[in-house]
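Here the structure is laid out as structure tokens; the discussion comes afterwards.
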Amino acid sequence: MTVRVRFAPSPTGELHIGSVRTILYNYLFAKQNGGTLVLRIEDTDQGRFDARSLPSIYEGLHWLGIGWDEGPREGGPYAPYVQSERLATYQDHARQLVEMGAAYFCFCSKARLEQLRATQAARKEITRYDGLCRRIDPKEAADRAQREPDHVVRLKVPDEGTVSVDDLVHGHVEWPLATIEDQVLLKSDGFPTYHLAVVVDDHVMGITHILRGEEWLPSVPKHLLIFRAFGWTAPPMGHVPLVLGQDSKKLSKRHGATRVVEFREQGVLHEALVNYLALVGWAPGTEDEVFSMDDLVARWRIDQVQKAGGKWDYTRL
Ligand code: GLU
């Protein structure tokens with residue numbers, strides 16, 4: 001098997017050091033397996049789009065010496081690599097699921113959904129969609145979908161059972177389906193949700209291993225259900241620990257520099273930044289702490305990545 005991994009940032013601002021740590025681990029994994037690294041831009045949340053993102057990804061990673069094989073500017077066999085340019089792919093896939101009976105059109109208004117949530121919250125129940133539109137006859141639903149463009153597509157999530165993953169970092173994790181709602185796959189504006197887009201792309205782009213930040217672990221049951229609905233096998237995945245400040249909160253501006261460009265402006269050497277970044281969340285099992293990129297390619301191992309968040313220490317850097 002040829003390893004194919006991906007770095008899939010959402011372009012919501014300048015390149016953050018936490019994102020670089022995720023791409024660095026993907027880069028090391030690709031290098032040590034003679035694999036391919038893909039850069040995919042996940043811009044389906046258009047409200048959060050920031051035009052500074054893409055240039056800062058290219059500049060920052062170039063400075064750090066982290067390269068990749070396929071991407072928006074490089075092209076490749078699965079182009080385009082920007083999700084907003086791939087809408088037809090997601091729409092086709094959502095339609096397939098409806099035709100297979102694994103997903104359905106939902107016509108519920110915002111007002112109804114808000115009311116439902118308020119009622120459930122007041123009863124201290126889990127707030128989730130109640131499946132009202134699941135019960136509409138599929139033929140009638142298809143007709144209504146023509147007439148009412150304001151619909152969404154939802155996944156039919158079984159009411160009982162569990163889904164589980166053997167995460168490369170966290171080990172076995174299991175979720176009861178009763179806590180998961182019939183998630184939206186396609187929004188009324190024709191854009192996919194993150195969950196649909198990420199699963200479709202990881203599958204059609206032949207991604208063999210998913211390595212990403214731990215904040216996405218709670219989304220895994222939703223993704224597994226989508227993989228299952230298509231009849232696809234989910235690739236192995238590892239959720240790498242968050243980069244934290246000294247107060248154990250996610251590293252942010254309050255703690256100091258977080259953007260790659262800031263470290264560069266402060267005169268930090270790119271070799272030092274890569275060396276230090278690798279150690280935030282990875283323990284080599286020895287006292288060694290000076291690693292070149294080549295050393296990291298030789299030494300870093302996914303099974304030595306730690307579960308606990310890594311604290312960022314400006315002094316140690
Ligand atoms: N687009 C997500 C982000 O910017 C990454 C999701 C993923 O890697 O699956 O954090």
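The values are calculated or read from the model by the stated rules, or taken from the named source; none is laboratory data. Computed from a predicted model, the values in this text were never measured in an experiment. Here Cβ is always computed from backbone atoms with ideal geometry, including for glycine, and neighbour counts include all displayed protein chains. When the accessible area is computed, the model is the full protein with side chains, heavy atoms only, and any ligands, DNA or RNA have been set aside. Shrake-Rupley method; radii C 1.70, N 1.55, O 1.52, S 1.80 Å.
One table, with the values for the structure above:
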{"item": "Cα gyration tensor category, rounded, prolate or oblate, for segment 208-259 with a/c compared to 1.5", "result": "prolate"}
{"item": "Rounded accessible area per residue of segment 54-140, 1.4 Å, Å²", "result": "58"}
{"item": "The chain: projected area of the alpha-carbon convex hull, averaged over directions, in nm²", "result": "17.9"}
{"item": "Check: the chain dipole with +1 on Lys, Arg Cβ and -1 on Asp, Glu Cβ, in debye", "result": "700"}
{"item": "Length-normalised contact order of the chain in % [C-alpha pairs under 8 Å, at least 6 apart]", "result": "19"}
{"item": "Positive-end extreme of charge dipole, segment 223-300 - chosen from Trp232, Leu279, Phe291 (charges on Cβ)", "result": "Trp232"}
{"item": "Segment 221-317 - charge dipole about Cα centre, Lys and Arg +1 at Cβ, Asp and Glu -1, debye rounded to 20", "result": "720"}
{"item": "Lys, Arg +1 and Asp, Glu -1 on Cβ, resulting dipole of segment 1-154 about Cα centre, debye, nearest 20", "result": "580"}
{"item": "MRE, 222 nm, helices only [DSSP H, n ≥ 4, -39500 (n - 2.57), over the chain, to nearest 500]", "result": "-10500 deg cm²/dmol"}
{"item": "Shape call, segment 1-88: gyration tensor on alpha carbons, a/c limit 1.5", "result": "oblate"}
{"item": "Accessible-area composition of the chain, carbon plus sulfur, in percent [1.4 Å probe]", "result": "50"}
{"item": "Extension gain, Leu113 back to Gln91 (0.36 nm per residue minus Cα-Cα distance, nm)", "result": "5.6 nm"}
{"item": "DSSP-defined beta bridges in the chain - what % are antiparallel, rounded to 5", "result": "60"}
{"item": "Segments 179-185, 73-79 sorted - mean Cβ within 10 Å per residue, highest first", "result": "179-185, 73-79"}
{"item": "Prolate/oblate/rounded label for segment 92-227 (Cα gyration tensor, a/c 1.5)", "result": "oblate"}
{"item": "Net charge contributed by nearby residues that have their C-beta within less than 11 Å of Val184 (K/R +1, D/E -1)", "result": "+1"}
